[in-house]
Every structure is written in C-alpha cells, then in structure tokens.
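Report on the structure given below.
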Amino acid sequence: MNAIAARESDTFRPAIHYTATNTWLNDPNGLVYHEGIFHLYYQSNPFGNVWGNMSWGHATSVDLINWDEQPVAILCDAEEDIFSGSIVIDQDNSSGLGNGQTAPLVAIYTSAYKDSSVRRGTQAQSLAWSSDGGYTWTKYQGNPVLDRNSADFRDPKVFRYDGPTGSYWVMLAVEANEYTVVIYSSDNLRDWHHLSSFGPANATGGVWECPDLFPLPLDGDAEQTKWVLTVNINPGGPNGGSGGQYFVGNFDGVAFTSETTVTDGSSQTAELDTYQWLDWGRDYYAAVSFHNAPEGRRLMVGWMNNWQYGAAIPTWPWRSPMSLVREISLVTDQGQPRLSQEAAAEYRTDNSLSVNTWSALLLDEGTRTLDEGAPVEIIEVTLIPESAEEFGLIIRGNGTEGTRIGIRPAANRLIMDRTRSGNTEFHDAFASIDTAPLKPAPDGSYTLTLFIDYCSVEVFAQGGQVTMTGLIFPGPDSTRLSFYASGGTAAAPCLKVTRLVEPAVRIAEPLVLSRQFYVEMSSIHTPYPSLTVGLPRGIAMRNPRYYVAWRRTYATGNLASWPVGQGLPRWPLLLRGLSMDIEQWWPRLSAATREWLVANNGDVVPSAVVSEITDAGGWPRRRRLVGREIPGQ
C-alpha cells in the first residue's frame, strides 16, 4: 500500500501528532529525554481501540515530529492494570535497581488492582526499572512501594529536589475524589514519607488526576523563580468535560503554597473564568512535562481527547492522538504570573513545504475565501475588529462546513465553533461553541497562531497566554481557508500560512492467525459499556473482561469444534490482538504461566502465532478473522 492509498483509508490520522498504529491511547506517562531520544510512554490498550487493559505504550523520537512506536513497555497482568505515572533517571542508583554499569531508568506507576489480587479495588504506587534505555522493563518484586489503602490514589509524578531542606526524590500523586495532591519524599525511590497535601482549590467539578510540579523563572529571571503545580480535572473543564488547571506559587521542599488560588474549591460557571487553565479547549487533558528535557526546556504534552466522547471519535483502527509538544514559560500578565505556551520550535524547523502571505486585508460583513488550503499547516494572523461584532477565520472549510476560530471583542472572548466542522454526529456532546477570555493588545489587535492537522486545531492566542485545542473531523475536501466578519468590518494587517511537510503515513499492518481460514465474527457485549468484542461463532467467553476460549483444535484450524471452557488470560491475547508475535512476550511470563500455556494450547508453540482482526464493515459491526500460517522458530 502506498502513502496515498494509506491516507485515503485513514482520513483522520494526524501528520504531526502522535497516534498509536492501531490501538487506543490516553494519558501521556513517563515522559523522559534520555541519551538524545525523547521517550513518550502512554496509557494504552494493547488489545483494542477503546479504554481497557491499561498498560504503558511506548514511542520514541529524536525530533518530536517523527515518532517510532515501540513494543508495549509495561503490560497489565492478571492482578493489576498499569495506570499513569512517571520516569526518572536514577543517576546515582539510589534505588539499588541498576546493574552497576548504567544508570537505571525507574518508572513509578499506579497499580490498579483487580479482583484477582488480595489488594483488589485499591490503587497504590509501584516501581519498574530498565537498564537498556527504556525499552524493556522489570517490575520491582517489593511492589507496591506506597499504599494508602485507597481506591483513588494514583498518577505519581516524581522529580529530584535539591534545595535548602536537602536533596531527595519528591513524589506528587492525587487522592482523586478528595481533590487533593499528596506530596511524599524518598532517598531511594522505595521508601516514601508523607510531607504535605494541597487542595481542594479552584476547580473541583470532577476528579483530580495527573499532577505535575516544576520551577520556572518569571519573565526569564532566574532570581525570580516560581513553582507551577498543574492538576487535571475530569469533568469540570472550562468548556465541559476534561480539562487541566494550574497554580503558581512556591515549593520549599516540603509543601507547595499557591499565590493564585481563587477559591477553596468551586465549579460555579461564573468562577471558571477566574481560574488558570492549561488550555481552554475541550481536547487537552492529562498534560505532564518531560523529565530531563535538553537545555533546561520545560516541554509538555497532553492527551488530545475528552472523556465525554473519547471512545466514540470516528477514527479507525487507532483512537486518540496526543497534542503537539509545547514549550512553556512563566510571564507576568496584568501583575499576575501566568503560563505562556508555544508549540515546540521543532515543528517549524526545516518543516515547511510552502509559505503564502497576505497583508492589509479588510472585510465588510461576510466571508472571503483566501486559500484552498491544506489539511496540515500553520496559520499566523493579526486581527483588528474595526466595527465587527465577531470576526476571524474559517478553517478546514468547503463552503458548507468549517471550523470558526474567531473573536468577539465586546465580550473579550476567543471562540472555537465546531458545530459545522464536519462529522459531529458520533456523540451528542461533541458539537460545541467553546470560548475563552481574551483581551486585546494595547493597540487593540489580536494575534493568533493555529496549528492545523487532519483532525485537530490548536490555537495559541496573544503569544500563547491563552490556548484552545479541539478535535475536528472534516471531509477530505474541506481544506479551504476563509476570513469572516459579522456585524461590521474587520481587518487582518498580516496573515501567513505555512504548509507543512507531512511525515510518511504509518500503515497499520494486518496481524494474522496460524492457519488459512475465514470466519464470521459475532458481537458480544462486555461489561465495558462502550466496548464490543468480536468472537468467532461457537466460541464462548467465560468472563468477557478476561477470558476467551482457546483449545488445541485452534492449531488445526477446526474452529467449529472449539469447546466452551477454560480460557486464556487476557494479556496473552497478543496472540490475536496486536502486530507482535508472542516471542517478544514469552520471556516476560512467569515459569508457571508458560507451563500453563503449553499445557493448554497443545501444538501452538511460542513465536509461531500472531493475529489480527481486520475490518469487515466497521466497528462495532461484524468482523472477519483472517489467518495464514507463520512458521515457528
């Protein structure tokens, strides 16, 4: 399949945003820069494209634009799902987990314990380590290392603190339903001591998740360094559903003290505007920053989706992109410290295909087409309202559909209107007009920078002091760029459109079964409301979440005689769920598990079987199981 054919069959896959090849992803985890490589770990379902089977996926990049998907880093098992967390480089091997030759990477993640665990129903913090630069991981035998006997204690972010109180590791995590960030210290990453707590504060309309804490110089002055605490919230964002807020203040090595708290916890609509948000759009969540980013940069990335409709977005076989990587700084705005964000410089470096500019544009009420446009581009514009009540740009349009990015000057609001952006019917909560407070510059102008991709727009307004991110799903012919004004005239003194080079399209390679056969698959609903699992007729599920029948007759291709009965735990469903063969996973299984698999799978041997479910009409309609023989090793 060539790149054009791949793009036609995968209309919405982004060009400059990361997506998994053919599976679900959500929160970014364990962001780390190590030996010249950016590592992006993330919440992953290795067996499908909706939430479940939480494990850590993994991708790497040297330039933040071109990402290589790696094998699953930390896989869920029969007792625990692997929820969000972070990674540090244990340079001095304080943990004792290193091999004595290279500094280990240590992952601190949330163990979400299942019914089969003695800790069932609770969440605690655990360790895994890597001695090969982050590609293979070993779970610490003493897990968990921090347990509060809580059902909602999760999302550890760890960093090294060096200050007046000493040098040690600091962990932030959340008690999600208490709207509280809890802070701990450790000398060795294994033994943790409680220091303090923060919260509730400001937005509390949903659970708190995925905290982060880091220092930034105010206005570039290292003598005026402040600390920024970020915490994500779901629901309760500024325009509904998921969102992320932040606080600016001081961290003394023990406690964080906020200078920007407005309330002790309220989500009244009138108050949401007074809080500080990482992004005012509906599709920027769980954002965290990279550990050890080069040149002291503070780089952050978020999940570009919203829990209101995340499992329903019309993409296949992948679901959910990551945001662009953002570089953030701290500036003074009207006497208050605020974050300023911009897309990482790498997206502009040697990445332009063409550049078009316009100057002195003036528009009476109406719409003016400027360019036939492209699905992947950067738009930079300065706007002046003149007498217009609303004005701005229509992107990814075709005359009948398009996304409005505009200004309502009387209300000092930035708007993103995606009610006619394309496909909005997949979920009732998707079509929306989202707004953010935005004041003009002293000369009355507004500056916007838009990064547009096949299924998204990220807006950086007034130098990045306000950002707004939204998914959109326009038709493939909707690429037109227009200037609009209503209720009067508006001007655009300067407009620049940079069409970006698109990296090669990744093709989701088909996975295969061990014998040549085709079989219709029927839909069986699982306990997950939004998840449907297809199984060959005659195959029954012992427990829809964990088991699928699997017998010796599989190896003969005699599907009709597969009996109902003892099943295979869900993690070895790599045999039928991912484009990897079991050889990669066999060494990670315990001896008892390997013996069980051999005893219960007859002549299905390690490294002999991989598999795929291919689309035969669209999810969640019926599928067709496609197979061919692969020689064993």
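The values are calculated or read from the model by the stated rules, or taken from the named source; none is laboratory data. What you see is a predicted model; the values in this text were computed from it and never measured. Positions of Cβ are generated from backbone atoms using ideal geometry, with glycine treated the same way; all protein chains shown enter the neighbour counts. These area figures cover heavy atoms from the full protein model, side chains too; ligands, DNA and RNA do not enter into them. Shrake-Rupley method; radii C 1.70, N 1.55, O 1.52, S 1.80 Å.
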*asked:* Show me the strands (runs of 3 or more DSSP E) found entirely inside the range 181-271 where at least 2 residues are under 21 Å from the mean Cα position of the chain (by Cα).
replied: 207-218, 221-234, 243-251
*Within the range 35-47, can one find any residue that is part of a loop (DSSP other than H, G, I, E, B) and in contact with a helix residue (DSSP H, G or I) (Cβ under 6 Å, 6 or more places away or on another chain)?*
yes
_So Glu80 passes all but one of these: (1) at pLDDT 95 or above; (2) open to solvent by 10 Å² or more (accessible area, probe 1.4 Å); (3) under 15 Å from the mean Cα position of the chain (by Cα). Which condition number does it fail?_
(3)
*Of all residues in the range 254-282, which are surrounded by 17 or more Cβ atoms within 10 Å (Cβ to Cβ), over 21 Å from Ala461 (Cα atoms) and in contact with a Pro (Cβ under 8 Å, 6 or more places away or on another chain)?*
Thr260
_Residue list for the range 461-490, filter: farther than 30 Å from Asn22 by Cα, open to solvent by less than 10 Å² (accessible area, probe 1.4 Å) and either assigned to a loop (DSSP other than H, G, I, E, B) or of a type in the set (A, V, I, L, M, F, W, C) (or both)_ = Ala461, Leu481, Phe483, Ala485, Ala490
*Kindly indicate which of Ile16, Ile87 is touching a residue at least 12 places away in the same chain (Cβ under 8 Å), crowded, with 24+ Cβ neighbours inside 10 Å, over 27 Å from Phe153 (Cα atoms) and not small (Gly, Ala, Ser).*
Ile16
*What are the residues in the range 422-458 that are in a strand (DSSP E or B), surrounded by 20 or more Cβ atoms within 10 Å (Cβ to Cβ) and of a type in the set (A, V, I, L, M), if any?*
Ala436, Leu448, Leu450, Ile452, Val457
*What about Asp115, is it under 19 Å from His39 (Cα atoms) and among the charged types (D, E, K, R)?*
no
*Report whether or not Thr419 is touching a Ser or Thr at 6+ places or on another chain (Cβ under 8 Å) and outside any strand (DSSP E or B).*
yes
*Where a residue in the range 54-69 is within 15 Å of Val32 (Cα to Cα) and part of a loop (DSSP other than H, G, I, E, B) and its partner, wherever it lies, is open to solvent by 20 Å² or more (accessible area, probe 1.4 Å) and not small (Gly, Ala, Ser), with Cβ under 7 Å and at least six apart*: Val62/Ile37; Asp63/Glu346; Leu64/Glu346
*Taking the condition in contact (Cβ under 8 Å) with a residue 40 or more places away in the chain, in a strand (DSSP E or B) and open to solvent by 20 Å² or more (accessible area, probe 1.4 Å), does Leu172 pass?*
no
*For the range 491-524, which residues satisfy the criterion of being at pLDDT 50 or above and assigned to a strand (DSSP E or B)?*
Ala491, Ala492, Pro493, Cys494, Leu495, Lys496, Val497, Thr498, Arg499, Leu500
*May I ask you to list pairs of residues, at least six apart or on different chains, whose Cβ atoms are under 6 Å apart, with the first in the range 21-41 being on the phi > 0 side of the Ramachandran plot and at pLDDT 95 or above and the second being assigned to a strand (DSSP E or B) and crowded, with 23+ Cβ neighbours inside 10 Å?*
Gly30/Tyr41; Gly30/Ser86; Gly30/Ile87; Gly30/Ala107
_Counted residues, the range 395-406 - those being among the hydroxyl-bearing types (Ser, Thr, Tyr) and assigned to a loop (DSSP other than H, G, I, E, B)_ = 1
*Those residues that are free of Cβ contacts under 8 Å to residues at least 40 places away in the same chain and under 22 Å from Thr332 (Cβ atoms), I need them from the range 234-250; list them, please.*
Gly249, Asn250
*asked:* Condition check: in contact with a Gly (Cβ under 6 Å, 6 or more places away or on another chain) and either in a strand (DSSP E or B) or open to solvent by less than 30 Å² (accessible area, probe 1.4 Å) (or both). Does Gly392 satisfy that?
replied: yes
_the range 139-160, residues that are surrounded by 17 or more Cβ atoms within 10 Å (Cβ to Cβ) and more than 27 Å from Val207 (Cα to Cα)_ = Lys139, Tyr140
_Let me confirm something: among Gly199, Gly142, which residue is more than 30 Å from Ala78 (Cβ to Cβ) and not aliphatic (A, V, I, L, M)?_
Gly199
*Among (1) open to solvent by 70 Å² or more (accessible area, probe 1.4 Å); (2) in a strand (DSSP E or B), where does Ile328 come up short?*
(1)
_Residue pairs meeting the criteria (Cβ under 7 Å; at least 6 apart or on separate chains; first assigned to a loop (DSSP other than H, G, I, E, B), in the range 305-320; second of a type in the set (Asp, Glu))_ = Asn305/Asp283; Asn306/Asp283; Trp316/Asp615
